[in-house]
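K.L.:
Below you will find the structure I want to go over with you.
The values are calculated or read from the model by the stated rules, or taken from the named source; none is laboratory data. Keep in mind that what you see is a predicted model, and the values were worked out from it rather than measured. So basically every Cβ, Gly included, is an ideal-geometry build from the backbone, and we count neighbours across all protein chains shown.
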(Lines give C-alpha, C1' and ligand atoms only; values in the text may rest on other atoms or scores of the structure.)
Protein backbone atom coordinates (compact mmCIF):
# COMPACT_ATOMS: atom_id res chain seq x y z
CA UNK A 1 0.00 0.00 0.00
CA UNK A 2 2.84 2.40 0.89
CA UNK A 3 4.53 1.55 -2.40
CA UNK A 4 1.37 2.43 -4.32
CA UNK A 5 1.10 5.80 -2.57
CA UNK A 6 4.76 6.53 -3.29
CA UNK A 7 4.30 5.59 -6.94
CA UNK A 8 1.24 7.81 -7.30
CA UNK A 9 3.08 10.66 -5.59
CA UNK A 10 6.10 10.23 -7.88
CA UNK A 11 3.98 10.18 -11.05
CA UNK A 12 2.07 13.25 -9.84
CA UNK A 13 5.39 15.01 -9.27
CA UNK A 14 6.55 13.95 -12.73
CA UNK A 15 3.40 15.41 -14.30
CA UNK A 16 3.97 18.64 -12.37
CA UNK A 17 7.57 18.80 -13.65
CA UNK A 18 6.38 18.10 -17.20
CA UNK A 19 3.68 20.78 -17.18
CA UNK A 20 5.82 23.43 -15.50
CA UNK A 21 8.84 22.87 -17.75
CA UNK A 22 6.74 23.00 -20.94
CA UNK A 23 4.84 26.13 -19.88
CA UNK A 24 8.15 27.70 -18.82
CA UNK A 25 9.34 27.29 -22.42
CA UNK A 26 6.13 28.75 -23.86
CA UNK A 27 5.29 31.60 -21.49
CA UNK A 28 7.31 34.81 -21.73
CA UNK A 29 6.10 36.72 -18.63
CA UNK A 30 8.80 36.72 -15.94
CA UNK A 31 6.26 36.59 -13.08
CA UNK A 32 4.78 33.40 -14.46
CA UNK A 33 8.30 32.05 -14.99
CA UNK A 34 9.18 32.56 -11.31
CA UNK A 35 5.95 30.89 -10.19
CA UNK A 36 6.49 27.96 -12.55
CA UNK A 37 10.08 27.56 -11.35
CA UNK A 38 8.82 27.46 -7.74
CA UNK A 39 6.30 24.73 -8.69
CA UNK A 40 9.10 22.89 -10.48
CA UNK A 41 11.12 22.86 -7.27
CA UNK A 42 8.08 21.44 -5.48
CA UNK A 43 8.04 18.61 -8.04
CA UNK A 44 11.78 18.07 -7.45
CA UNK A 45 11.11 17.90 -3.69
CA UNK A 46 8.41 15.26 -4.22
CA UNK A 47 10.65 13.19 -6.50
CA UNK A 48 13.69 13.20 -4.21
CA UNK A 49 11.90 12.79 -0.88
CA UNK A 50 11.65 9.04 -1.49
CA UNK A 51 15.46 8.82 -1.65
CA UNK A 52 16.57 11.54 0.79
CA UNK A 53 15.51 12.12 4.39
CA UNK A 54 12.72 14.66 4.67
CA UNK A 55 15.08 17.26 6.18
CA UNK A 56 17.43 17.12 3.18
CA UNK A 57 14.51 17.17 0.74
CA UNK A 58 13.05 20.20 2.49
CA UNK A 59 16.43 21.94 2.36
CA UNK A 60 16.42 21.40 -1.42
CA UNK A 61 12.94 22.88 -1.66
CA UNK A 62 13.83 25.90 0.47
CA UNK A 63 17.05 26.60 -1.46
CA UNK A 64 15.12 26.38 -4.74
CA UNK A 65 12.47 28.78 -3.50
CA UNK A 66 15.18 31.13 -2.24
CA UNK A 67 16.66 31.11 -5.74
CA UNK A 68 13.20 32.04 -7.08
CA UNK A 69 12.95 34.93 -4.60
CA UNK A 70 16.40 36.25 -5.56
CA UNK A 71 15.52 36.19 -9.27
CA UNK A 72 12.13 37.76 -8.60
CA UNK A 73 13.62 40.64 -6.63
CA UNK A 74 16.19 41.22 -9.37
CA UNK A 75 13.45 41.33 -12.01
CA UNK A 76 11.40 43.76 -9.91
CA UNK A 77 14.27 46.25 -9.86
CA UNK A 78 14.62 46.27 -13.63
CA UNK A 79 12.37 47.88 -16.19
CA UNK A 80 9.34 45.62 -16.64
CA UNK A 81 9.21 44.44 -20.25
CA UNK A 82 8.08 41.23 -21.89
CA UNK A 83 10.97 38.99 -22.79
CA UNK A 84 11.42 38.95 -26.56
CA UNK A 85 13.95 36.59 -28.05
CA UNK A 86 15.83 37.99 -31.04
CA UNK A 87 16.60 34.66 -32.66
CA UNK A 88 14.52 32.86 -35.30
CA UNK A 89 12.69 30.19 -33.25
CA UNK A 90 10.17 32.50 -31.59
CA UNK A 91 6.91 30.79 -32.48
CA UNK A 92 4.86 28.64 -30.17
CA UNK A 93 4.66 25.93 -32.80
CA UNK A 94 8.43 25.57 -32.87
CA UNK A 95 8.62 25.49 -29.08
CA UNK A 96 5.83 22.93 -28.75
CA UNK A 97 7.37 20.77 -31.48
CA UNK A 98 10.83 20.78 -29.90
CA UNK A 99 9.35 20.18 -26.43
CA UNK A 100 7.50 17.16 -27.87
CA UNK A 101 10.72 15.83 -29.35
CA UNK A 102 12.46 16.18 -25.98
CA UNK A 103 9.57 14.44 -24.18
CA UNK A 104 9.75 11.51 -26.61
CA UNK A 105 13.56 11.30 -26.54
CA UNK A 106 13.75 11.44 -22.75
CA UNK A 107 11.07 8.75 -22.47
CA UNK A 108 13.14 6.41 -24.63
CA UNK A 109 16.29 7.24 -22.67
CA UNK A 110 14.49 6.93 -19.31
CA UNK A 111 13.49 3.34 -20.10
CA UNK A 112 17.15 2.36 -20.32
CA UNK A 113 18.28 4.59 -17.45
CA UNK A 114 15.60 3.21 -15.14
CA UNK A 115 16.69 -0.36 -15.76
CA UNK A 116 20.39 0.46 -15.69
CA UNK A 117 20.37 2.42 -12.43
CA UNK A 118 17.57 0.46 -10.76
CA UNK A 119 15.37 3.50 -10.10
CA UNK A 120 11.70 4.14 -10.81
CA UNK A 121 10.57 5.23 -14.24
CA UNK A 122 8.98 8.42 -12.88
CA UNK A 123 12.25 9.47 -11.25
CA UNK A 124 14.46 8.75 -14.25
CA UNK A 125 12.05 10.30 -16.75
CA UNK A 126 11.46 13.35 -14.55
CA UNK A 127 15.17 14.02 -14.16
CA UNK A 128 16.00 13.53 -17.85
CA UNK A 129 12.99 15.61 -18.88
CA UNK A 130 14.11 18.56 -16.76
CA UNK A 131 17.65 18.29 -18.09
CA UNK A 132 16.36 18.22 -21.68
CA UNK A 133 13.96 21.12 -21.18
CA UNK A 134 16.71 23.15 -19.53
CA UNK A 135 18.98 22.53 -22.51
CA UNK A 136 16.16 23.59 -24.84
CA UNK A 137 15.75 26.75 -22.79
CA UNK A 138 19.44 27.50 -23.18
CA UNK A 139 19.26 26.87 -26.91
CA UNK A 140 16.41 29.27 -27.69
CA UNK A 141 17.19 32.21 -25.44
CA UNK A 142 20.10 34.56 -24.91
CA UNK A 143 18.66 36.79 -22.17
CA UNK A 144 20.35 36.40 -18.77
CA UNK A 145 17.10 35.73 -16.90
CA UNK A 146 16.06 32.97 -19.33
CA UNK A 147 19.57 31.47 -19.36
CA UNK A 148 19.55 31.21 -15.56
CA UNK A 149 16.11 29.59 -15.68
CA UNK A 150 17.53 27.02 -18.09
CA UNK A 151 20.57 26.36 -15.92
CA UNK A 152 18.43 25.98 -12.78
CA UNK A 153 16.16 23.54 -14.63
CA UNK A 154 19.15 21.46 -15.75
CA UNK A 155 20.52 21.43 -12.21
CA UNK A 156 17.11 20.43 -10.81
CA UNK A 157 17.03 17.45 -13.16
CA UNK A 158 20.55 16.46 -12.18
CA UNK A 159 19.66 16.70 -8.48
CA UNK A 160 16.79 14.24 -8.95
CA UNK A 161 19.03 11.74 -10.72
CA UNK A 162 21.83 12.20 -8.19
CA UNK A 163 19.48 11.77 -5.22
CA UNK A 164 18.25 8.46 -6.64
CA UNK A 165 21.80 7.13 -7.00
CA UNK A 166 23.72 8.63 -4.05
CA UNK A 167 22.59 10.12 -0.76
CA UNK A 168 25.63 12.18 0.23
CA UNK A 169 24.71 15.03 2.55
CA UNK A 170 27.77 17.07 1.63
CA UNK A 171 27.10 16.90 -2.11
CA UNK A 172 23.42 17.73 -1.55
CA UNK A 173 24.47 20.82 0.41
CA UNK A 174 26.95 21.73 -2.32
CA UNK A 175 24.24 21.46 -5.00
CA UNK A 176 21.96 23.70 -2.92
CA UNK A 177 24.79 26.25 -2.70
CA UNK A 178 25.24 26.03 -6.48
CA UNK A 179 21.51 26.75 -6.89
CA UNK A 180 21.80 29.90 -4.81
CA UNK A 181 25.03 30.89 -6.55
CA UNK A 182 23.36 30.59 -9.96
CA UNK A 183 20.44 32.68 -8.76
CA UNK A 184 22.75 35.40 -7.43
CA UNK A 185 24.75 35.36 -10.67
CA UNK A 186 21.54 35.62 -12.66
CA UNK A 187 20.34 38.50 -10.49
CA UNK A 188 23.62 40.31 -11.11
CA UNK A 189 23.36 39.93 -14.87
CA UNK A 190 19.69 40.94 -14.84
CA UNK A 191 20.42 44.15 -12.90
CA UNK A 192 23.70 44.94 -14.73
CA UNK A 193 22.19 46.60 -17.86
CA UNK A 194 20.12 48.93 -15.68
CA UNK A 195 23.18 49.90 -13.66
CA UNK A 196 25.13 50.58 -16.86
CA UNK A 197 22.36 52.84 -18.19
CA UNK A 198 22.47 54.90 -15.00
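K.L.:
Among the residues of segment 37-51, write down those that are surrounded by fewer than 20 Cβ atoms within 10 Å (Cβ to Cβ) and within 20 Å of residue 71 (Cβ to Cβ).
P.N.:
38, 39, 42
K.L.:
Just to verify a result, which residue in segment 24-45, among those that are touching a residue at least 60 places away in the same chain (Cβ under 8 Å) and under 20 Å from residue 142 (Cα atoms), is nearest to the chain's Cα centre (by Cα)?
P.N.:
37
K.L.:
Let me ask something else about it. Residues 155, 149, 138: which one is closer than 20 Å to residue 29 by Cα, modelled with pLDDT of 90 or more and surrounded by 18 or more Cβ atoms within 10 Å (Cβ to Cβ)?
P.N.:
149
K.L.:
Looking at this structure, is residue 35 at pLDDT 90 or above and in a helix (DSSP H, G or I)?
P.N.:
Yes: the conditions hold for residue 35.
K.L.:
Please state which one of 115, 110, 172, 104 is at pLDDT below 90 and farther than 19 Å from residue 41 by Cα.
P.N.:
Unique residue meeting the criteria: 115.
K.L.:
Please state which one of 21, 57, 63 is over 20 Å from residue 119 (Cα atoms), over 11 Å from the mean Cα position of the chain (by Cα), surrounded by 17 or more Cβ atoms within 10 Å (Cβ to Cβ) and touching a residue at least 12 places away in the same chain (Cβ under 8 Å).
P.N.:
Answer to the selection: 63.
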